[in-house]
Every structure is written in C-alpha cells, then in structure tokens.
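Read-outs: derived from the displayed coordinates by stated rules, not from any lab. This structure is a prediction, so every number in the text was calculated from the model and none was measured. As a convention, Cβ positions derive from the backbone with ideal geometry for all residues, glycine included, and neighbour counts pool all protein chains shown.
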Amino acid sequence: MPTLKVTVGERDHLDQRTRRRIKAAQEGEDLDDAQPMLNFGSYAELSRLLSPKNLELLEAISKHNPESIREAAELVNRDYKQVHRNLSELEDIGVIEFEGGGSGQAKKPKLVYNGLEIDIPFTGPNGSVGAAAP
C-alpha cells in the first residue's frame, strides 16, 4: 500500500506540478515515484481529516481490521451512526474503502493507504499563506 501525501495550499501550485509531471511522462521520464496526493484548500478542510476521532478510527482499522462498521464503532467505543458518518467522509476523500455491503452483508472498512504524509506550506509560491481560503 502506498502512502497518501496530504497537502494544504493553492490549487494553482498543484496544477503546475501536475503539468510538469505530465510533460515529464510524455518525454519518457520514469515516474515510478508518483505518490497519490490529496489537497485541501484550507486548514479547516484538513482538520476534518485529522480530527482526533477520525485518526482514532484509522488507527483502529489498521490495528484490528474490523469486519464491519459496527465492529469499528465498538473498537473506538463510539455510537454506530457517528462512526458510519466519519467513515463515509473518509471514503468520500479516498482514505478508506468498503468491502462487501451487499445482500445483508456488513460493510467492512479497509485502509487504502498505509499512512499519511502531511505537507503544510505556510507560504505559497507567491508569498501568500498556503491555507488561505479561495
């Protein structure tokens, strides 16, 4: 499993990076080091992912490999509905995925990445604060 790089900052900077990588790929350069990235436009958006409750859930999934959302809720001693909402948010941003869930089968939360690498620039390429809201 790869590590997900999480950034906060300007989309323009990331778009420039993406264009450079596309050009390098077109020119035949090896991009095996390509790391999946998730960008947030502000610290507030990032804080949803890094909330203590979400981090606790991710750690519990990593350590205990729960067979269902209900089992994950029991592992963190929280209400099923809250855990379901948190896991759905994590699924929406691509940090976890669910297996099963059809024909009365429990939805099993699975990690998509083996960790998160956080990159928080305090200033952008033009000197602006990287976490400034658009």
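Amide H contacts of Ala106: Gly101, each under 5 Å away and 5 or more positions distant or on a separate chain (H built 1.01 Å from N in the peptide plane; Pro and chain starts excluded). Within the shell defined by Cβ-Cβ distances under 15 Å, the residues around Asn114 carry a net charge of 0, with Lys and Arg each +1 and Asp and Glu each -1.
A simple rule links phi to the HN-Hα coupling: the Karplus curve 6.51 cos²θ - 1.76 cosθ + 1.60 with θ = phi - 60°, which for region 79-95 gives 5, 4, 4, 5, 5, 4, 4, 4, 5, 5, 4, 5, 5, 4, 9, x, 8 Hz, with x for Gly and Pro.
Let me check I've understood the local charge: for Ile93, count other residues with C-beta under 10 angstrom from its C-beta, Lys and Arg +1, Asp and Glu -1. What total comes out? Let's see the in-between values first.
On the way: positive: Arg48; negative: Glu45, Glu89, Glu91, Asp92.
Cβ neighbours under 10 Å give a net charge of -3.
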